[in-house]
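The structure appears right after this line, and notes come after that.
What follows draws every value from the coordinates through simple rules; no lab data is involved. Keep in mind it's a predicted model, so treat the numbers as computed, not measured. Here the Cβ positions follow ideal geometry from the backbone for every residue, glycine too, while neighbour counts run over all protein chains shown.
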């Protein structure tokens, strides 16, 4: 494929495997120690990417906490929002950092960001990543949500995969990070206690290879 940024996925899930509460309700899963780690990770990348569902559910700012890590310039915020359904007042559209939306909709509004309207081919991950690489974004952090992470796995675009298991059981179900419909084993590179949870490093190349094999066979 064409050149792309180095891609890091970072996500937190509960003990019972959920990354959010029922109907996408935001739940704090990471421990304070893990939040510092997340901000350190953000400070090391050129851009952070999430989907519209994460914007709607969590309303994040995707900045670097200056109390945890000193950073003169925040990473670019990349939002994949095909239908442009995220609200104008979402915090990710403030002026604290550069923000780019990729969408199929043509619309002008008061968001303090750059709206890039593309056709369906232009919205394919391969083409978006190639475009970002050409603009000097060499390291990209993907923070969600589930469908975005799954797409990166399916396209085999992940180079590092960090999974934090928090000390929480989310009641009533929610959104699972993994629900592929087939078994995948032996993808953990390392696991260590971290705060009141466990930090797991997955082998993204093995995971993606097995995932693609299973999809072909199913």
inquiry  = Multiplying the sequence separation of residue 120 and residue 169 by 0.36 nm and subtracting their Cα-Cα distance, what value in nm do you get?
reply    = 13.8 nm
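Is the C-alpha gyration tensor of the chain telling us rounded, prolate or oblate? Criteria: a/c under 1.5 is rounded; beyond that, a/b larger than b/c is prolate, otherwise oblate.
Working: a/c = 1.44, a/b = 1.19, b/c = 1.21.
Judged from the Cα gyration tensor, the chain comes out rounded (a/c under 1.5).
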task = Based on the mean of other Cβ atoms within 10 Å per residue, sort peptides 202-209, 67-74 so the most packed one is first.
result = 202-209, 67-74
ask   = How long is the gain from residue 3 to residue 130 if the chain were fully straight, where each residue apart is worth 0.36 nm and the alpha carbon distance is subtracted?
value = 45.1 nm
Most to least packed among 149-157, 105-113 [average Cβ atoms within 10 Å] = 149-157, 105-113
query = Counting DSSP beta bridges in the chain, what percent are antiparallel, to the nearest 5?
reply = 30
